[in-house]
Amino acid sequence: PEGIEAISEKPDVSKNEIYGVATFYTQFKFHKLGKNQIKVCMGTACHVKG
């Protein structure tokens with residue numbers, strides 16, 4: 001992706017490091033999201049709440 005290319009031009013930052021961070025955090029996306037999103041909570045707190 002173009003963002004990785006741009007950031008990797010900075011000294012001491014490799015493409016692998018950037019990709020590792022970008023894939024670790026779910027907020028970073030490599031593709032456009034659809035107009036509508038459906039999220040399902042599968043955590044314990046949501047299960048207890050009902």
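Data overview
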quantity	calculated
Residue in the range 22-43 that is touching a Lys or Arg at 6+ places or on another chain (Cβ under 7 Å) and modelled with pLDDT under 85 present	no
Selection count, the range 1-38, where residues are part of a helix (DSSP H, G or I) and either in contact (Cβ under 8 Å) with a residue 24 or more places away in the chain or basic (K, R) (or both)	1
Hey, C41 more than 17 Å from the chain's Cα centre (by Cα) and outside any helix (DSSP H, G or I) or not	yes
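The values are calculated or read from the model by the stated rules, or taken from the named source; none is laboratory data. For clarity, every value in this text was computed on a predicted model and none was experimentally measured. No Cβ is skipped: glycine too gets one built from the backbone with ideal geometry, and neighbour counts run over all protein chains shown.
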